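J.: One structure, pasted below without further comment.
The values are calculated or read from the model by the stated rules, or taken from the named source; none is laboratory data. Treat the numbers as computed from the prediction; the structure is a model and nothing was measured. Counting neighbours? That spans all protein chains shown, and the Cβs are built from the backbone with ideal geometry, glycine included. For the accessible areas, the whole protein counts, side chains as well, though only heavy atoms, and no ligand, DNA or RNA atoms are used. Shrake-Rupley method; radii C 1.70, N 1.55, O 1.52, S 1.80 Å.
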Amino acid sequence: MKILHTADWHIGKRLERFPRLEEQRQVLQEIVAITEEEDPDLVIVAGDLFDTFNPGSDAQELLYHTLRDLARDGTRGVIAIAGNHDSPDRVVAPEVLARTHGILLAGYPEETADTFTAGAVSVARSEPGFVELSIDRPGVAGVPIRVLLVPYANEVRLRRALDPAGDQEQALQDVLAERWRERAQRSLQGEGINLLVAHLMFAADPENPPEEPDGERPIAHIGGAPALSTAIVPAEVQYAACGHLHRSHPVTGPAPLYYSGSPLAYSFAEAGHEKSVTIVEVEPRGSLGSEATVRRRPLTAGRELLRYHASSVEDALAWLVEHPAALVELSITLPNYLSGADRRRLHELHDGIVTIVPLSASSSTNEERAGAQIDPTGDIHGLFARFFFERHGVEPDDAMRELFREVLAEVGRGEDGAPDDPVDDPLAASAHRQTNSTQEPHS
């Protein structure tokens with residue numbers, strides 16, 4: 001049996017002011033093309049289909065069209081589950097139509113899927129958190145495909161779903177291990193293919209889990225540890241298809257457990273990651289099964305995310321010319337601070353600058369700046385100098401001080417920094433309102 005495993009599409013996600021929907025459309029088309037070339041029997045999308053609970057209509061349309069194209073009118077099976085970014089109800093909302101294409105959607109852990117037959121795909125048996133499929137294709141026809149389904153849920157909801165009448169103080173990891181052991185003994189025995197599909201954090205050492213990608217809401221700390229141990233995955237499972245971590249990698253355990261990773265780099269922490277889908281081949285075996293063979297198919301669509309530390313504005317400009325298509329996080333070491341004119345030059349040259357981080361060559365350390373004390377009773381020029389130092393790590397030069405004096409003149413301050421009319425001063429007005437609020441109730 002051949003499986004294509006992907007996850008963490010995050011359809012609708014943005015990078016700061018940059019929408020990524022067109023890139024997502026391109027990379028999902030690439031995944032469809034790889035699927036047609038590889039012709040797997042089953043496609044697994046292991047959660048975080050959308051990036052928000054309330055995705056836009058464009059994002060929803062892209063998901064549904066992609067799942068339909070992957071299923072190819074029920075000639076192959078598709079399983080898609082909810083992740084921590086998804087609304088479980090929204091994921092399963094088109095379930096009735098999805099089933100007609102051989103697509104199985106799962107939103108909540110321990111939910112019971114409807115049985116159905118569509119084209120070559122049949123859900124022959126369904127229990128809470130478990131389905132048994134059959135796919136009428138050469139090589140797998142008549143072979144039961146048994147799947148443990150674990151869409152994302154926070155710790156409280158997952159524990160209640162697993163054991164609503166049990167000891168709520170018991171570690172969730174123990175509850176889950178117990179449930180999986182019982183289910184493996186009952187349903188994963190004999191000839192067949194045994195799979196786990198989950199959107200959770202797994203680690204060989206739960207006390208030292210891998211770092212979660214930027215923008216991910218933290219997975220609930222489970223049983224006093226921030227991750228589930230791979231040791232709880234039943235040995236009968238021949239392949240565990242996981243989502244949540246955006247880097248493609250295996251995790252050591254009694255069963256082969258893989259994160260396929262996201263199809264695009266969604267934060268600069270992922271700069272340099274090679275994105276891919278995972279191709280799995282596994283033979284039907286007995287209760288302990290055979291070891292799956294796993295390989296990656298690289299993905300090339302989408303803009304590359306790059307970080308660059310420039311030694312000067314001119315260095316930054318030259319580097320940007322060489323990388324016109326990338327989305328860029330740029331840091332620049334400067335003798336003073338980045339002027340508005342230089343910032344405009346950079347943005348006019350390159351349309352993919354996400355952020356610019358000016359670094360002063362003569363700046364103080366963050367600790368020194370954080371420890372600096374500000375006297376709010378000082379004159380306004382001193383306060384501005386201290387604010388500038390806090391923000392940039394250097395004192396304002398004469399040109400910047402002169403610009404500040406001009407701004408003061410525009411708002412009606414005298415040369416000594418005092419407002420001509422305290423009532424016109426926003427800070428004074430705020431203090432005035434606070435003082436009066438102790439004397440009269442607000443209307």
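J.: Quick check: is even one residue across region 293-313 touching a residue at least 12 places away in the same chain (Cβ under 8 Å), part of a helix (DSSP H, G or I) and more than 28 Å from residue 138 (Cβ to Cβ)? Reasoning before the result, please.
T.: Keep residues of region 293-313 that are touching a residue at least 12 places away in the same chain (Cβ under 8 Å), which gives 293-313.
Then keep just the ones that are part of a helix (DSSP H, G or I); that gives 313.
Filter once more, keeping what is more than 28 Å from residue 138 (Cβ to Cβ): 313.
Checked against the condition, which is being touching a residue at least 12 places away in the same chain (Cβ under 8 Å), part of a helix (DSSP H, G or I) and more than 28 Å from residue 138 (Cβ to Cβ), region 293-313 yields at least one hit.
J.: Condition first: surrounded by fewer than 22 Cβ atoms within 10 Å (Cβ to Cβ) and under 28 Å from residue 175 (Cβ atoms). Now tell me which residues in region 132-151 satisfy that.
T.: 132, 144
J.: For the list (1) polar (S, T, N, Q); (2) in contact (Cβ under 8 Å) with a residue 60 or more places away in the chain; (3) surrounded by fewer than 18 Cβ atoms within 10 Å (Cβ to Cβ), I need the number of the one condition that residue 339 fails.
T.: Only one criterion in (1) polar (S, T, N, Q); (2) in contact (Cβ under 8 Å) with a residue 60 or more places away in the chain; (3) surrounded by fewer than 18 Cβ atoms within 10 Å (Cβ to Cβ) is unmet by residue 339, namely (2).
J.: Among the residues of region 342-352, is there at least one that is in contact with an Asp or Glu (Cβ under 8 Å, 6 or more places away or on another chain), modelled with pLDDT of 95 or more and closer than 30 Å to residue 29 by Cβ? First the steps, then the outcome.
T.: So the first thing to find is which residues in region 342-352 are in contact with an Asp or Glu (Cβ under 8 Å, 6 or more places away or on another chain), and the list is none.
There is no residue in region 342-352 that is in contact with an Asp or Glu (Cβ under 8 Å, 6 or more places away or on another chain), modelled with pLDDT of 95 or more and closer than 30 Å to residue 29 by Cβ.
J.: Which residue is modelled with the highest pLDDT, if the candidates are limited to region 195-220 and must be small (Gly, Ala, Ser) and open to solvent by 10 Å² or more (accessible area, probe 1.4 Å)?
T.: Out of the qualifying residues, it is 204.
J.: Can you name every residue in region 360-413 that is open to solvent by 70 Å² or more (accessible area, probe 1.4 Å), within 42 Å of the chain's Cα centre (by Cα), modelled with pLDDT of 65 or more and hydrophobic (A, V, I, L, M, F, W, C)?
T.: Passing the criteria: 361, 387.
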